[in-house]
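One structure is given below, encoded as structure tokens.
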Amino acid sequence: MRSIQTKFITLILACVLLSSVVIGGAGVRIAHTVVDGDSAQIMNLLCSGKASDLDGLFSRIEQSVKTLAVYTSEQLESLERLKTDADYMEAYTSQLRSVAVNAADNTEGALAVYVRFNPEFAPPTSGLFWSRTTRSGSFQELTPTDFSTYSPNDTEHVGWYYIPVNNGAATWMAPYYNQNIGVEMVSYVIPIYRDGETVGVVGMDIDFSVIEDVVNNTQVYDTGYAFLVDAQGMVVCHREIPMGTPMASADKSLAPVVRELQNGTTGSSLFTYGWKGQEKELAFRTLRNSMHLAVTAPVAEIDAARNGLILHILTALLLIAALSVALTVLFTRRLIRPLKELTE
């Protein structure tokens, strides 16, 4: 009789345990696939949403400067007259003044607006320059930068003019610190041409904090965050790395991240890398001004939901197995007892 009881228990437990292993294995596999996919989708959707916010901001700034540039070009009667008639240059500048200030007043984060003429034919301080002296102050007319003081190669002081002109296209300048008002700024500049000759440039300086707010207020899981780098891999906005630092030189482990960002291959999967002894994953998007926005978080936080689900599956399997053993032994004994009595 003991042999029959053992065979019953072994057979039933084998079936139960085999079913548990198959179902549990399938559950763990599904947890890996589905939850990992959901985590990647969450990261990518968050990155895409923030990228859309920044692109919308950049687009509004570009549109303001473009509108002013079009108006500046349309109101120019004659380039030759601008070159030779000082009174016309003054009248032309006055005509642009109210439109320029109004455009800056209605542009989010605008700190300064300027229209500057080509120093090859115009006086070195010609044009207009209106700026706020504080973030919340009103626009005031200031003396434009004197081109004669600086070399065309001095990108720190006059790069805002010569870089867009040399590019021959509208240009987003790299962020810089304005010591006069103590504000980080970024500029968007459009060169103006007439008959193949440079007339000058139209541009706005934007308070970089409006961009930083979008980046720094991005919450990714518990300790994750967003950061911004330019097309050359230079840090633009990062919680731990100062602005202007080449990202690859900040830590050798970040070199693969820079290569991934510069490749520009965005997809549904996440990019894995190491940072300060912690495994992390990121998703990124390239913005309309060629900067790269990335959202990153520790793998442990990203996988927390998956690991929790797997733990629940394994716990349930152990409980089911233990209960199955107990119930199998109990019912098998009850089944075998009449046989024992009959045998006796």
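The values are calculated or read from the model by the stated rules, or taken from the named source; none is laboratory data. Predicted model, so just to flag it, every value in this text is computed and none were measured. As a convention, Cβ positions derive from the backbone with ideal geometry for all residues, glycine included, and neighbour counts pool all protein chains shown. Each accessible area value is taken on the protein alone, full model and side chains, heavy atoms only, with ligands, DNA and RNA left out. Shrake-Rupley method; radii C 1.70, N 1.55, O 1.52, S 1.80 Å.
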- Query: How would Met291, Met234 line up by accessible area, probe 1.4 Å, largest first?
  - Reply: Met234, Met291
- Query: His238: accessible area at probe 1.4 Å, nearest 10 Å²?
  - Reply: 30
- Task: Would you mind checking the tilt of helix 304-343 against the longest principal axis of the Cα atoms of the chain, expressed as 0 to 90 degrees and rounded to 10?
- Result: 10
- Hey, what angle do you get for helix 36-74 against the long axis of the chain, alpha-carbon based, 0 to 90 degrees rounded to 10? 10
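Which FRET efficiency value, to the nearest 0.05, is calculated for Ala316 and Glu279 with the Förster distance at 30 angstrom and r the Cβ-Cβ distance? Display every interim value, and only then the final one.
Values: r = 28 Å, r/R0 = 0.94.
The value I calculate is 0.60.
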- So what is the 222 nm mean residue ellipticity for the chain from helices alone, if each DSSP H run of at least 4 adds -39500 (n - 2.57) and you divide by all residues, rounding to the nearest 500 deg cm²/dmol? -17000 deg cm²/dmol
- Message: Please report the accessible area of Arg333 (heavy atoms, 1.4 Å probe, ligands and nucleic acids excluded) in Å², nearest 10.
- Response: 140
- Message: Taking the full set of protein chains and a 1.4 angstrom probe, give the accessible area of Arg288 in square angstrom, rounded to the nearest 10.
- Response: 130
- Task: Just name one of Pro123, Ala112, Ala283: the one whose Cα is farthest towards the positive end of the charge dipole of the chain (beta-carbon charges, Lys/Arg +1, Asp/Glu -1).
- Result: Ala283
